[in-house]
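A.B. asks: Before I ask anything, let me first share the structure, which is written out below as C-alpha cells.
The values are calculated or read from the model by the stated rules, or taken from the named source; none is laboratory data. A quick note: this is a predicted structure, and the numbers were derived from the prediction, not measured. All Cβ positions, even for glycine, are placed from backbone atoms using ideal geometry, and neighbour counts span all protein chains on display. With ligands, DNA and RNA removed, areas are computed over all heavy atoms of the protein, side chains included. Shrake-Rupley method; radii C 1.70, N 1.55, O 1.52, S 1.80 Å.
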Amino acid sequence: MGIDRKRFFDGVRGTLYGGRLGRGQVRGMAALLDRFERGRETDDQRFLAYMLATAHHETGGRMRPVRETFAASDAAAIARLDKAFAEGRLPQVSAPYWRRDEDGRSWLGRGLVQITHRRNYERLSALTGIDLVERPERAMDMAVSVEILFVGMLQGAFTGRRLADHFSAGQADWVGARRIVNGLDRAERIAGYGRAFLAALGG
C-alpha cells in the first residue's frame, strides 16, 4: 500500500505550512515520497518523516535544493559567506571552503542537505555514482539532491550516524537523530517537524 498523498499533503499543509503549499514545495515533497517508495531500503515511515523534516529545516521550508545563504547564484553565495567570514560571524569556520579552487569550482553548501567541502562532494559522488566533483552544481538538481539526502542519511555519509542508529523497534530518538547531519543544532525543533510529518504520513 502506497502513501496516501492526499492525506499527507492535507496534513502538512496545516501543521507546517500555514495552510498553504506552493507548487515547488509539493514537487519537492513528492520527490522524497517517490524515492522512499521506489527505493524500498526500508518501510519505516519514521525514516522518511525525519528526512522530510531535515529537508524542511535545511531549505527554510522551501523543499527544493538551495545554496548556502539561500543565494540565487554561486557568486552571490560566495560574496555573502566572504562578508560573514570577514566580520567574524562564522567562528566555527577555520578556512573559507566556499572560495573557488584553481579549477573555478566552489564547495559551498548545496542541496536539500547542505553538503560542503570537496571531501564531502567526493564521498557522496562515490556513494551515489553521480559525479559531483567535476560538476558540484549538480547537487542543485532535485533528483540528485534527493539521492544525496537518502544515501547520506541511510548510510551515515554525513557524520557517520545513520537513521537506523536512532529509529528501530526499540527506540525513536527524534532529538538525537539530528546528529546524522549536524550535532544537536536545532534538534528539538527538527524533532517536532519530524513528528508532524510522521502524523501526516499516518504513522
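A.B. asks: Quick one: in the chain, what % of C-alpha pairs are over 30 Å apart?
C.D. replies: Summing the P(r) tail past 30 Å for the chain gives 20 percent.
A.B. asks: Based on DSSP loop calls and a cut-off of at most 10 other Cβ atoms within 10 Å, the longest stretch of the chain free of exposed trypsin sites (Lys or Arg not before Pro) is what?
C.D. replies: Counting at most 10 other Cβ atoms within 10 Å as exposed, the longest clean stretch of the chain is 90-203.
A.B. asks: Of Ala75, Thr59, Phe47, which is farthest towards the positive pole of the chain's charge dipole, taken about the Cα centre with +1 and -1 on the beta-carbons of Lys, Arg and Asp, Glu respectively?
C.D. replies: Toward the positive end, the furthest listed residue is Thr59.
A.B. asks: Roll a 1.4 angstrom probe over the protein heavy atoms and tell me the percent of accessible area of the range 100-203 that is carbon or sulfur.
C.D. replies: Its accessible area is 43 percent carbon and sulfur atoms.
A.B. asks: Given contacts defined as C-alpha pairs under 8 Å and at least six residues apart, what's the relative contact order of the chain, whole-number percent?
C.D. replies: 25
A.B. asks: Further, regarding this structure: Counting only residues 5 or more places away or on other chains, whose amide H sits under 5 Å from the amide H of Thr59 once H atoms are built in the peptide plane?
C.D. replies: When sequence neighbours closer than 5 places are left aside, there are no close amide H contacts.
A.B. asks: So who's got an amide H within less than 5 Å of the one on Val66, skipping anything under 5 residues away but keeping other chains? H placed 1.01 Å off N, in plane.
C.D. replies: Sorted by chain and number, the residues that satisfy this are Gly111, Leu112.
A.B. asks: Starting from the Kirkwood radius over alpha-carbon pairs of the range 67-131, derive D by Stokes-Einstein at 10 °C in a medium of 1.306 mPa s and give it in µm² s⁻¹.
C.D. replies: 127
A.B. asks: May I ask you to rank Trp174, Trp98 by accessible area, largest first, using a 1.4 Å probe over the protein chains only?
C.D. replies: Trp174, Trp98
A.B. asks: For the range 12-92, report the translational diffusion coefficient in µm²/s to the nearest whole number, using Stokes-Einstein at 20 °C, 1.002 mPa s, and a Kirkwood Rh over Cα pairs.
C.D. replies: The diffusion coefficient I find is 145 µm²/s.
A.B. asks: Counting other C-beta atoms within 10 Å, and keeping those with at most 12, which DSSP coil GluC sites (Glu not before Pro) do you find in the range 1-103?
C.D. replies: Glu87, Glu102
A.B. asks: Counting Lys and Arg as +1 and Asp and Glu as -1, each charge on the Cβ, what is the dipole of the chain about the Cα centre in debye, to the nearest 20?
C.D. replies: In debye, rounded to 20, the chain gives about 560.
A.B. asks: Between the range 107-185 and the range 23-67, what is the C-alpha centre distance in whole Å?
C.D. replies: The two parts, judged by their Cα centres, are 12 Å apart.
A.B. asks: Next question. Return the long-range amide H neighbours of Ile115 (sequence gap of 5 or more, or a different chain), with a cut-off of under 5 Å between placed amide H atoms.
C.D. replies: The answer is Arg110.
A.B. asks: With a 1.4 Å probe and every protein chain left in place, work out the accessible area per residue of the chain in Å², rounded to a whole number.
C.D. replies: On a per-residue basis, 49 Å².
A.B. asks: Give a residue-ordered list of calculated ³J(HN,Hα) values for the range 82-91 (Karplus: 6.51 cos²θ - 1.76 cosθ + 1.60, θ = phi - 60°; whole Hz; x for Gly, Pro).
C.D. replies: Calculated HN-Hα couplings, in order: 4, 5, 5, 5, 5, 8, x, 8, 10, x Hz.
A.B. asks: So which chymotrypsin sites (Phe, Trp or Tyr not before Pro) in the range 117-172 pass both tests, a DSSP loop state and at most 14 other Cβ atoms within 10 Å of the Cβ?
C.D. replies: Within the range 117-172, no chymotrypsin sites (Phe, Trp or Tyr not before Pro) qualify (loop, at most 14 other Cβ atoms within 10 Å).
A.B. asks: Can you tell me the dipole magnitude for the range 96-203 around its Cα centre, using point charges on the Cβ only (Lys, Arg +1; Asp, Glu -1), in Debye to the nearest 20?
C.D. replies: 300
A.B. asks: I would also like to ask the following. Of all GluC sites (Glu not before Pro) in the range 126-203, which ones are in loop regions per DSSP and have a Cβ with at most 13 other Cβ atoms within 10 Å?
C.D. replies: Within the range 126-203, the qualifying GluC sites (Glu not before Pro) (loop, at most 13 other Cβ atoms within 10 Å) are Glu134.
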